[in-house]
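The values are calculated or read from the model by the stated rules, or taken from the named source; none is laboratory data. These figures come from a predicted structure and were not determined experimentally. Backbone-built Cβ (ideal geometry, glycine too); neighbour counts: all protein chains shown.
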Amino acid sequence: MNLIRTAVTRPIGTLMAFAIVILLGITSLLGLPLDLLPELQFPRLTIVTGYPGAGPEEVENLVTRVLEETVGTAVGAKDLISTSSEGTSRVTVTFPFGTNLDLAAADVRVAIERARRRLPQSASNPIVFKFDPAQSPIVWLGLVSRLPEIGPLQLRQIAEDQLQFRLERVPGVAAVTISGGSRRQVLVEMDPVRAQALAVSERDLRAALAGANLVEPGGQVIEGTRRLGLRVLSQYQTLAQIARTVVTVRDGVPVYVADVARVSEGEEERTSVVRINGQPGVLVQVQRQSGANTVAVSNGILREVREARPSLRGVDLVVLNDTARFIRRALASVRQAILIGGGLAVGVLLFFLRDVRSVLIIGTALPTSVIATFVLMLFSGYSLNLMTLGALAMGIGMLVDASIVVLENIFRHREMGKSGPEAATAGGQEVASPILASTLTTVVVFLPVIFLRGSVITTQLFFQFSVVVVFALLCSLVVALTLIPSLGAHLPGLSSRAQRTVGAGRHGAMLATYRQTLTWALRHRRAVYAASAVVFLLGMASVYLIGRETLPQADEGELFVSLVMPIGTRLEVTEQVLAGFEEVVRETVPEAAYVSVTAGTTAFGGGSHGGFVRVMLADRASRSRSTEAIVADLRPRLRVPGGRVFVRASAGALGILRFGGGADPIEVEIRGFDLRRGMGLAQQVRDLLESIPGVIDATVAREEALPEVVVRIDAERAAAFGVSPAQVASALRTAVEGDVATTLRSAGRETDIVVSQESGQTLTPTQVLSIPIITPSGRRVLLGQVAELARGESPTQIVRRSRQRIITVTAGISGRDFGSVMADVRARLARLPLPEGFSIALGQEYEEQQRAYRQLSLGFLVAVLLVFAVMAVQFEALLAPLLIMGSVPFALSGGLLTLFLTGTTLNIQSLIGLIVLAGVIVNNAILLIDFIITRQRRDGLPLEAAAVDGAAARLRPVLMTTVTTVMGLMPTAIGIGEGAELQVPLARAVIGGLLIGTMVTLVFIPTLYVTVEGYRARRRASRPEEIPASRPAIVAGGENGGNGPSRPRA
């Protein structure tokens, strides 16, 4: 090849070219951002529509159905999931992967606009937005008081006044959410007796307060040559101003607020409680902007936290969780695996070559290829994440394979007495064709992964993984064909040292043993085929014993205890139960670094009946138990009568990799219209799931009906008393929970002014009937005189999928793999009798897992065909590639057997590893077949002698490339460090397939070649008239080429 000759004859130019590449690579590395995973885009759009005052069924019929029909038929949606709750419709549209969401969103908006007239007039305009994983907080901070005088109110004010603005100014921060504590408010508590005496209703009081506190434009006035803006300003600054507000005038005398109500400063009713390490606190959650780098945003947040701490007197500001911390540690673990793997690969080279200078030459291929890959990553817009660094870790041993073959062949030519440049040129050109074929066979196996369509995991997550591996392998090929021959030709004294080591000591004994083994195998071919069949069948049989899951779970050092009490449970009761859970956690989990408790409503939903305990564990290196072990120990200790408790290891930063997006892997969807019958069937499914070994915390996802007290107004009696339904609702709202009239603006802070009645906080359903209603004439009417109470229930929400009502039953898994549990679930559900009009389907995670499995299995077949096609083009024949492909079944068998022996599940990562094996294992067989043909054709050796001699000549490079790849992957396969669990299955599958496949290949492939060639020779001997005497038979294609091997030119 001219490329090799140019590199050998122009060493300075070659070195300068690679020096420039290394410089660009280092510069690119410094500019690559850090992140846990590639930026993922989910093909989902969500449409949110408000319909105030409507119940779930009205929202479903009048809003949700209309939007489903419009969107589903207009934009080609793949799936529709909707939730109709009180006053809100939420429709999520899922599109096929690869859909341009910007264009899809435009189509959705056009379709909604056409259907707008079919929606109720009081419904709000539907809002369309994309699903964004960045909506999850990336940093959780806690504020805890050190002084008794700093209570929940002061903690909240400190968070809002001194911390929130600091965090919001960090580049990349989208929102800062504060939970816990309490807010200040101004209470205007009406005296019913005095209000009746002065004929003042709560509506009069609210209107007076709102009307006296305003800022409005008044137009413009002219002053000389200028126009001046006119503004009406009447704002409350103090409580005294509020008390002196005129409500009305009676007999020429003004009635002030202070005449009918008491004005005071207090705290709003608390809807949530936060405790941090046993102390009352405030929780601050920070979200990043879409597209912002997690690590960079986290660094900015932590910098602001350090600067803010000295100014926060009397309180402690602690970092409860930082997703970037796991990212940093996970990436550090992968970098460590790369360095250790690279060191082990270099050690293998030193063991085989026993020459430091030769090892240094081959060792240059490793950093050069990796650094050159950084340039391509930067221009492709990639980040340093678990997938891209994992790709480099997987390929760390492969990157020197081509260089090993080139340098080893250069040594062989130096032994023939050739000069350095001549040996480098001839040796490089001789193996250029097989190493090009072997590199291409590895590259093409990633093409099916790159072009797969069907799930976010296989399209986006592994796209960058595959591309980076291809980048690195192509860079290593260029290095092997240019830099290695250039250095191998000009390093003084290199060949003499190599000559002294070749065939000496343990290498010579190993070579002699291999020759003897192969000679015996060629004489006992049936035994070889039988042993090979046993190895293959063992591996194939193990596939039925391997557990299955979608993706391996990473230990992120965090767990959640979620509590759901009966709907309507008071916040104080929920807080008390969670406080008990916190004590149990402190006693049984010494590994806990921080324990935070959140009870009640937060910015992300919930109610007074729910809450959770969040436990942040110590670093993985400093604890002996895994998160799953701690969860298993904690689960039976946490129980509460009448409530549901779920203990889970947090998915954390990797939670977005779950197909279904929920916290539980098992989802069973019950489809049918009748919600009451559906709930009965859901209870049966829940009981069925709980009877399956390994299933935990089975629950019906749909919340129970909300208990309520309905106030039924007697219209005739109300009219007789001069009371309208609006007045009844206004009086009821003011008496029960208060009503915000306006705001008090003081010192840059806004405080709600709430109108309420004195007994509003302690009312019972019976006392509601005693609520007074003041008529415009000043008459006092009790609510019981115009209305009566009735108890009832209302559905909290109605969920639909594909335009059918569904009720979901969810459950977790402990102690078993996902695949075996789901097999039991399917078997049990198949025997469950279903009412008419109902059906059962498994949830998204199972569906997407099965789809991913099918597509990756198809990808494996496509990869095998592509590998065969590359070799067929290389050899310009079909038989030799077919013989080489004989090594693939044994690699597949070895990979599966290794997964079984190591207790590793069959998941998307391990399936990717099996696909990679199809391209890697044939590299050794290519070398063997190529040199066997060379010995037979060019050197004229007998068939069996050519097989033994050719295979023995390639034994050392085959073992070197295999062992360097295995040792390079070994740190990843062991799973050292945090986040390593994601790469372990792939590394183990490749290692097992390479080891077993190579051991079988070294004996099986030469034996198979001799058998086939012997059969063809016998056929030629029986039909001599069909074979021209002047033309020898060609096995692998091509003709003898003078001074080259008898394979065709590339």
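Part of a strand (DSSP E or B) and in contact with a Pro (Cβ under 7 Å, 6 or more places away or on another chain): is that true of R231 in this structure?
Values: part of a strand (DSSP E or B): yes; in contact with a Pro (Cβ under 7 Å, 6 or more places away or on another chain): yes.
Taking the combined requirement at face value, the residue satisfies it.
Of everything in region 73-90 that's over 16 Å from L119 (Cβ atoms) and modelled with pLDDT under 85, which residue is surrounded by the fewest Cβ atoms within 10 Å (Cβ to Cβ)?
Of all residues in region 73-90, those over 16 Å from L119 (Cβ atoms) come to 73, 75-81, 83, 85-86.
Of the ones still in play, those that are also modelled with pLDDT under 85 are 73, 75-79, 85-86.
Details: T73: 10, V75: 20, G76: 13, A77: 24, K78: 14, D79: 14, S85: 17, E86: 17.
Among those that are over 16 Å from L119 (Cβ atoms) and modelled with pLDDT under 85, it is T73.
Residues in region 525-544 that are surrounded by 13 or more Cβ atoms within 10 Å (Cβ to Cβ) and outside any helix (DSSP H, G or I): how many?
The total comes to 1.
Here is a list: S596, S626, S608, S622. Which entry is under 16 Å from L283 (Cβ atoms) and of a type in the set (S, T, N, Q)?
Only one candidate passes the filter, namely S596.
Within region 211-218, is there a residue that is modelled with pLDDT of 85 or more and in a helix (DSSP H, G or I)?
yes
Looking only at region 815-843, count how many residues are in contact with a Phe, Trp or Tyr (Cβ under 8 Å, 6 or more places away or on another chain), crowded, with 19+ Cβ neighbours inside 10 Å and more than 30 Å from A891 (Cβ to Cβ).
The number of residues fulfilling the criteria is 0.
Kindly list the number of the only condition in (1) buried (at least 18 other Cβ atoms within 10 Å of the Cβ); (2) modelled with pLDDT of 85 or more; (3) more than 30 Å from I813 (Cβ to Cβ) that fails for G760.
Answer for G760: the failing condition is (2).
Of everything in region 891-903, what is surrounded by 23 or more Cβ atoms within 10 Å (Cβ to Cβ) and either among the β-branched types (V, I, T) or not assigned by TED's automatic domain parsing to the domain that holds L986 (or both)? Give them in sequence order.
T898
Can you tell me which condition P765 does not meet? The list is (1) loosely packed, with under 14 Cβ neighbours inside 10 Å; (2) modelled with pLDDT of 85 or more; (3) on the phi < 0 side of the Ramachandran plot, and all the others hold.
(2)
Go through region 659-738 and tell me which helices (runs of 4 or more DSSP H), entirely inside it, have 2 or more residues that are modelled with pLDDT of 80 or more, more than 25 Å from T83 (Cβ to Cβ) and outside the structural domain of R203 (by TED's automatic domain parsing).
Numbers: elements: 675-690, 715-720, 725-736.
Output list reads 675-690.
Residues of region 770-789 being touching a Ser or Thr at 6+ places or on another chain (Cβ under 8 Å) and polar (S, T, N, Q), which ones?
T775
Working only within region 512-557, note down all residues that are polar (S, T, N, Q) and at pLDDT 85 or above.
Looking only at region 512-557, we keep the residues that are polar (S, T, N, Q), and these are 513, 516-517, 519, 532, 542, 550, 553.
Selection gives T513, Q516, T517, T519, S532, S542.
Which residue is farthest from A632 (Cα to Cα), if the candidates are limited to region 545-568 and must be touching a His at 6+ places or on another chain (Cβ under 9 Å) and surrounded by fewer than 19 Cβ atoms within 10 Å (Cβ to Cβ)?
Within region 545-568, the match that is farthest from A632 (Cα to Cα) is G568.
Mind checking which pairs have a first residue in region 803-816 that is at negative phi and a second that is part of a strand (DSSP E or B) and among the hydroxyl-bearing types (S, T, Y), Cβ under 8 Å, 6 or more apart or different chains?
Note: pairs meeting the criteria are V809/T699; T810/T699; A811/T699.
Determine which single condition A426 fails, assuming it passes every other condition in (1) surrounded by fewer than 24 Cβ atoms within 10 Å (Cβ to Cβ); (2) modelled with pLDDT of 85 or more; (3) more than 24 Å from A953 (Cβ to Cβ).
All conditions pass for A426, except number (3).
Among S311, S333, which is the only one that is at pLDDT 85 or above and among the polar types (S, T, N, Q)?
Working: S333 fails: at pLDDT 85 or above.
Of the residues listed, the single one that is at pLDDT 85 or above and among the polar types (S, T, N, Q) is S311.
Just wondering, is there one or more residues in region 169-189 that are at pLDDT 85 or above, crowded, with 19+ Cβ neighbours inside 10 Å and part of a helix (DSSP H, G or I)?
no
Look through region 43-90, keep the residues that are among the basic types (K, R) and touching a strand residue (DSSP E or B) at 6+ places or on another chain (Cβ under 8 Å), and return whichever of them is nearest to T808 (Cα to Cα).
Filtering region 43-90 for residues among the basic types (K, R) gives 44, 65, 78, 90.
With touching a strand residue (DSSP E or B) at 6+ places or on another chain (Cβ under 8 Å) added as a condition, the list becomes 44, 78, 90.
Numbers: R44: 20, K78: 20, R90: 17 Å.
Going through the qualifying residues, I end up with R90.
Check I396, I361, I404 and return the single one that is under 28 Å from the mean Cα position of the chain (by Cα) and touching a residue at least 24 places away in the same chain (Cβ under 8 Å).
I396
Of V66, V93, which residue is in a helix (DSSP H, G or I), within 34 Å of the chain's Cα centre (by Cα) and crowded, with 18+ Cβ neighbours inside 10 Å? Spell out how you get there, then give the answer.
Working: V93 fails: in a helix (DSSP H, G or I).
Only one candidate qualifies: V66.
What is the one condition in (1) within 33 Å of the chain's Cα centre (by Cα); (2) polar (S, T, N, Q); (3) crowded, with 18+ Cβ neighbours inside 10 Å that S136 does not satisfy?
Single failed check for S136: (3).
Only one of these is surrounded by 19 or more Cβ atoms within 10 Å (Cβ to Cβ), among the hydrophobic types (A, V, I, L, M, F, W, C) and within 33 Å of the chain's Cα centre (by Cα): V870, V809. Name it.
V809
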